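Trainee: One structure is given below, represented as structure tokens, and several questions about it will come after.
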Amino acid sequence: MDNSGVKTGKLWDIFCQVIDNYGDIGVGWRLATGLAARGQRVRLWLDDSSALRWLAPGGAAGVEIRPWTQPIDPSDLTPGDVLVEAFGCQISPEFIAAYAHKIASTGQPCHWINLEYLSAEGFVERSHGLPSPVQSGPGAGLSKHFFYPGFTPTTGGLLREGDLAERQAQFDRSAWLAQLGIAFQGERLMSLFCYEPAALGELLEHLATDAQTTRLLVTSGRSAAAVTACVESKDRMNPAWNQRKKLSFFYLPKLTQHAFDHLLWACDLNFVRGEDSLVRALWAGKPFIWQIYPQHDQAHHRKLEAFLKVLDAPASLRIFHLVWNGMSGSTCANEAALPALKSVLWQQTVRQMRSQLLQQDNLVTRLLRFVEKNH
Ligand code: TRH
């Protein structure tokens, strides 16, 4: 047994489909390694594992990556003890059939977890842990259970490694920046991980005319493309927009998940997006702005409001989030100036939420306990 009172050594099959961006694989990988660090054996089934080449090039002991082919190779139809379907993916029917057969023939309990997206909305507490009987298909008669990550003790919690505080305490900012080739001279550092925020142009404009010098560390992919497009357009329309060189850019390579943490720890303010980097920004304890993953039906508006409430965001932080997420109808320069003006207040807010969250068990502990308790 480990210190959660949980028996060790179950074999987990985590199924994860990469839709777009890096969130699904990022969370799937973190969950897999978190379980492995707690003595579990994990097979992570991925339809596209290519992002792991840069996100986690070294792999991890106890985690085996399996290609999720359609159909699954018959020789791979050997289910373990726990089945996790991440983010509403549909586990292949042949694998479910093999799992149902194993349960029927060995009498092992059914541990079938439906891992949902992170949200601060009220339904999460109500829905977390509920059973969902399977009515049809090869799993008919079995029951899945919803597992909702969340920010309160009655949800599934947040992913957080056991050695995070230790790593953070040992982090050497200057050495890390130097290793990346960033000639740091005391300027304000901001990281940028975003989609295509409408207020990006205004923010750059403000930073270019601010009294303080800023270096923007731009992550690769969509963020870099958005910044490049913005800068090109400004250079065309008003070549003198950054004449005083108050704003400079450093375009980052793709970072490992470990190094992505270092980026957030190194900066004075972080722009993050999606799901996993939001959680990492919370653990970093630095002021941050979150661009939520946009949904067609605008469901992300409610989701963002719910998070801002849980964060107990002061008005300035709330306003900037609305602007950054295109929800205020305004991108005026005054609002774009807020990150520079309010960072102390924002830091206090983030620190407060962080210290509350650190008192709660992490997601892996809760999941292990949930699996043991439910059967
Ligand atoms: O990439 P994302 O926008 O992922 C999104 C969201 O998770 C969203 O909820 C989901 O529905 C959608 O994908 C399909 O943002 P997120 O969640 O922060 O994931 C990014 C991951 O990539 C995170 O684990 C950090 C990691 N990362 C690195 O490891 N190195 C890097 O250089 C960068 C830029 C990111």
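Trainee: Please name all residue pairs, on different chains or six or more residues apart, with Cβ atoms under 9 Å, provided the first residue is in segment 220-242 and is without any contact (Cβ under 8 Å) to a residue 60 or more places away in the chain and the second residue is in a loop (DSSP other than H, G, I, E, B) and away from the ligand (no atom under 15 Å from the Cβ).
Mentor: The qualifying pairs are 231/241; 231/242; 234/241; 234/242; 235/241; 235/242.
Trainee: What residue, among those in segment 102-121 that are within 16 Å of the ligand (Cβ to nearest atom) and either of a type outside the set (S, T, N, Q) or modelled with pLDDT under 95 (or both), is farthest from residue 11 (Cα to Cα)? Walk me through how you get there before you give the answer.
Mentor: Start the filter on segment 102-121 by keeping residues that are within 16 Å of the ligand (Cβ to nearest atom), which leaves 114-121.
From the residues that got through so far, the ones that are either of a type outside the set (S, T, N, Q) or modelled with pLDDT under 95 (or both) too are 115-118, 120-121.
Numbers: 115: 17, 116: 20, 117: 23, 118: 24, 120: 30, 121: 32 Å.
Per the criteria, the residue is 121.
Trainee: Can you name the residue in segment 27-77 that is farther than 25 Å from residue 118 by Cβ and among the acidic types (Asp, Glu) and, of all such residues, is nearest to the chain's Cα centre (by Cα)?
Mentor: For segment 27-77, the residue satisfying everything is 64.
Trainee: Here is a further query. Scan the helices (runs of 4 or more DSSP H) fully inside segment 219-328 and keep the ones with 3 or more residues being away from the ligand (no atom under 16 Å from the Cβ). Full working, then the answer.
Mentor: Details: elements: 222-237, 257-266, 276-284, 299-311, 315-324.
By residue number, 222-237, 299-311, 315-324.
Trainee: Which of the helices (runs of 4 or more DSSP H) contained wholly in segment 100-212 include at least 1 residues that are acidic (Asp, Glu) and closer than 27 Å to residue 274 by Cα? Steps first, please.
Mentor: Details: elements: 123-127, 164-170, 173-180, 200-209.
By residue number, 123-127, 164-170, 200-209.
Trainee: On to the next question. Report yes if residue 75 is crowded, with 16+ Cβ neighbours inside 10 Å and away from the ligand (no atom under 15 Å from the Cβ), otherwise no.
Mentor: Values: crowded, with 16+ Cβ neighbours inside 10 Å: no; away from the ligand (no atom under 15 Å from the Cβ): yes.
So residue 75 fails the test.
Trainee: Let me ask another. Would you call residue 179 outside the structural domain of residue 367 (by TED's automatic domain parsing) and closer than 30 Å to residue 365 by Cα? Spell out the reasoning first.
Mentor: Working: outside the structural domain of residue 367 (by TED's automatic domain parsing): yes; closer than 30 Å to residue 365 by Cα: no.
Considered against the rule, which asks whether it is outside the structural domain of residue 367 (by TED's automatic domain parsing) and closer than 30 Å to residue 365 by Cα, residue 179 comes out as no.
Trainee: Please give the number of the condition residue 374 fails out of (1) modelled with pLDDT of 95 or more; (2) within 30 Å of residue 40 (Cβ to Cβ); (3) surrounded by fewer than 17 Cβ atoms within 10 Å (Cβ to Cβ).
Mentor: Of (1) modelled with pLDDT of 95 or more; (2) within 30 Å of residue 40 (Cβ to Cβ); (3) surrounded by fewer than 17 Cβ atoms within 10 Å (Cβ to Cβ), only one is false for residue 374: (1).
The values are calculated or read from the model by the stated rules, or taken from the named source; none is laboratory data. Keep in mind that what you see is a predicted model, and the values were worked out from it rather than measured. Ideal geometry is used to build each Cβ from the backbone, glycine not excepted, and the neighbour counts take in all protein chains shown.
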